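Asker: So that we are looking at the same thing, I have put the structure below in C-alpha cells.
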2 protein chains.
Amino acid sequence: MNAAIGHEPLTRSVEDYLKVIYSLSPEGRTASTSDIAHRLELSAPSVSGMIKRLSEQGLLEHIPYKGVQLTAEGRRAALRMIRRHRILEAYLVARLGYTWDAVHEEADRLEHAVSEGLIERMAEALGNPDADPHGEPIPTAEGWIEEIEATPLAEIPAGETVEIRRVTAGDPDRLRYLASIGLQPGALVAVV
Amino acid sequence: MNAAIGHEPLTRSVEDYLKVIYSLSPEGRTASTSDIAHRLELSAPSVSGMIKRLSEQGLLEHIPYKGVQLTAEGRRAALRMIRRHRILEAYLVARLGYTWDAVHEEADRLEHAVSEGLIERMAEALGNPDADPHGEPIPTAEGWIEEIEATPLAEIPAGETVEIRRVTAGDPDRLRYLASIGLQPGALVAVV
DNA sequence: GTGAAAAATTAGGACCGCCTAATTACTGGA
DNA sequence: TCCAGTAATTAGGCGGTCCTAATTTTTCAC
C-alpha cells in the first residue's frame, strides 16, 4: 500500500543501516556483518538481527555467513539518505557559516528529520549543487549518482598541477588542517 | 553526572511530552493525564506510564489522580524545545520560502534533531527575532519568555483600529485563509 | 585434511514507548 | 450520603533495537 506512494517510512536505525551498507558494498559486492557492526558501533548480533528484518522487508539480500547486498529498493532508500546528507552539508556551509569539518555530525542527525520538500528547497536555494563541501557527488532526487573519477593525490607525478576534486577525510582535525593549507575541492595544487 | 553539563539528552517522546505539558499547565496550574493524552494523541495509560518515568527523572511533579506540573528542570527543557520550534519556523519562512501554514509540521520534526549551535546560528542569521511567524514569542536561550499581552480581536469595539499581535490558529486551511485576507502579525485592522 | 581462530548466528534478556482490558479513585447529582 | 459516570492507574502485551553469552559455520595455516 505504501509501496504505491514510493516508500514506507523507515526508522532512523534502518536509514543508518542502509547508508552504511551502501557505502560498504560497492559495485555488486557484499558487506559483512562485522564491517557493518564496526561502522555503526554496534555489536555483531544486533546487526545480524537487523539484517534478518531488513531482508524480510525486501531492502537487502542476505546470504547467511556470506554477506549482504542492497536490493533496488534498499539502494534507492540509501541514495535518498545520502542526497539528504550532502545537501544538508552544502546548505549548512553555504548559508549558515559552518565549516566543512563540523557539518557531518549535524547532517547526520538532520537527515532523518527533514522532509523531502525541505531538502528540495535547500537544494534549490543553492542552485542545485552537484557536490557537497567535501566534493562528494550529490545523488539526484531520482536516485542517480555521478560516478566521479579522480586520481589520488599520491599517484600524481611530481611537477604536475591538478585540481582537487574531493577530500575523503572524515576526521574533523584533519579536515581543519587540510582547510588551513587550502586543500579543498576546487583548489589547484602543484605536486612537488 | 550529566546534570553537570546542564541536561542529559532527552528522547523525542519525552521532549514532546514536556512541550505539551508546558502549554497545558500555565501559571502554576496543573495538567491532567487525559488532556495530555488528547494533545499527543496517545492513550491515557501510555501517558500515565510516561508521567511516572518523567517524575522519577525529576522533570515533573505528579500528584496521583490530580495532575502534573513541570519542575524547574522540566520547564527549562520545555522552553528549550519551544525556542527551537519557533526559531525553526521563523527561519523556514524567512529563508526557505515556507508559508506560515506549512512550517509547523516541519519544525515539529526538526526541533528534535537540531543542535543548540544550529539553532543559535539560525537565530543570528535572522537577527535574533523575538517572535515566530504566528507572533508567538521566542524564549531566549537562557529560558526567559516574554509574556505577551494582547486582546482577542473579538473583544475590540467596532470602529477601532488595532495591530495584530499573534494568530493562534493551528489549522493550515484556516491559516491560509487568514493570510489571504492579510490577517497576519503586524497588520493593522479596523474593526467594523 | 584438520583444528584453531575468526566470523556469524542463535538464545535469551532489557528498555522504551506504545497498546487494550481491567481495576481503582474521584466527583457531582439525587 | 451514596452511586453512577468519569478519570486515572495497574496489569499484561507487543514491536523495535539494543545487549551478552553460547553456539555454529567458515576460513586458513599447517
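Asker: Using only DSSP helix segments of four residues or longer, with each worth -39500 (n - 2.57), what per-residue ellipticity at 222 nm results for chain A after dividing by its residue count and rounding to 500?
Answerer: On the way: 7 runs with 86 residues, N = 192.
Helix contribution divided over all residues of chain A: -14000 deg cm²/dmol.
Asker: Summing Lys, Arg as +1 and Asp, Glu as -1, what charge do residues with Cβ under 9 Å from the Cβ of A:Glu89 carry, A:Glu89 excluded? Numbers along the way, then the final one.
Answerer: Values: positive: A:Arg86; negative: A:Glu106, A:Asp132, A:Glu136.
So the surrounding residues net to -2.
Asker: Now for a separate question. Hey, rough spin-label estimate for A:Ile156 and B:Val191, points 7 angstrom out along Cα→Cβ, what's it come to in nanometres?
Answerer: 7.1
Asker: Could you grab the relative contact order for chain A? Cα pairs under 8 Å, six or more apart, rounded to a whole percent. It would help to have the intermediate numbers written out before the result.
Answerer: On the way: 221 pairs, mean separation 30.3, N = 192.
Over chain A, the number comes to 16 percent.
Asker: What is the range B:1-84's relative contact order, in percent, from Cα pairs under 8 angstrom and six or more apart in sequence?
Answerer: Worked out over the range B:1-84, it gives 31 percent.
Asker: Going 7 Å from Cα along the Cα-Cβ axis for the label, what nanometre distances separate B:Arg109 from the same residue across the other copies?
Answerer: 1.7
Asker: Using a 10 Å cut-off on Cβ to Cβ distances, tally the other chain neighbours for every residue of A:102-109 and report the average as a whole number.
Answerer: Working: counts 2, 0, 0, 2, 6, 0, 1, 6.
For this peptide, the per-residue mean of nearby foreign Cβ atoms is 2.
Asker: If you line up the long axis of helix A:44-56 against the longest principal axis of chain A, both from Cα atoms, how many degrees apart are they, to the nearest 10?
Answerer: Taking the Cα atoms of chain A, the angle to A:44-56 is about 70 degrees.
Asker: May I ask for the distance between the Cα centers of the range A:100-154 and the range B:1-77, given as a whole number of Å?
Answerer: Using only Cα atoms to place each centre, the spacing works out to 38 Å.
Asker: Just tell me which lysines come within less than 27 Å, Cα to Cα, of B:Lys52; anything on the same chain fewer than 8 places away is out.
Answerer: B:Lys19, B:Lys66
Asker: So between A:Glu56 and A:Ala141, what do we pick up on full extension, going 0.36 nm a residue minus the alpha carbon distance?
Answerer: Working: separation 85, 0.36 × 85 = 30.60 nm, distance 2.60 nm.
Extra length from A:Glu56 to A:Ala141 when fully extended: 28.0 nm.
Asker: Relative contact order, percent, of the range B:87-139 when contacts are C-alpha pairs under 8 Å separated by at least 6 residues? Show your work: numbers first, answer last.
Answerer: Working: 40 pairs, mean separation 24.4, N = 53.
It comes to 46 percent, rounded to a whole number.
Asker: State the extension gain, in nm to one decimal, for the chain segment bounded by A:Ile148 and A:Gln184, taking 0.36 nm per residue of separation less the distance between their alpha-carbons. If you can, show how the numbers build up before the last one.
Answerer: Working: separation 36, 0.36 × 36 = 12.96 nm, distance 1.62 nm.
Gain in length upon complete extension: 11.3 nm.
Asker: Label points 7 Å out from Cα along the Cβ direction at A:Leu42 and B:Ser32: separation in nm?
Answerer: 4.2
Asker: What's the Kirkwood radius of the range B:101-146 in Å, using all Cα pairs? Walk me through the numbers on the way to the answer.
Answerer: Working: mean 1/r = 0.0868 Å⁻¹.
About 11.5 Å, per the Kirkwood formula over Cα pairs.
Asker: With just the Cα atoms of the range B:63-106, tell me how far they stretch along each of the three principal axes, in Å, largest first.
Answerer: 46, 19, 10
Asker: For B:111-117, what's the mean count of beta carbons from other chains sitting within 10 Å of each residue's beta carbon? Can you show the working numbers first?
Answerer: Working: counts 1, 3, 9, 4, 5, 0, 5.
If you average over the peptide's residues, the count of other-chain Cβ atoms is 4.
No lab work stands behind these numbers, since they all come straight from the coordinates. Remember, it's a predicted structure, so these values are computed and weren't measured experimentally. Ideal geometry is used to build each Cβ from the backbone, glycine not excepted, and the neighbour counts take in all protein chains shown.
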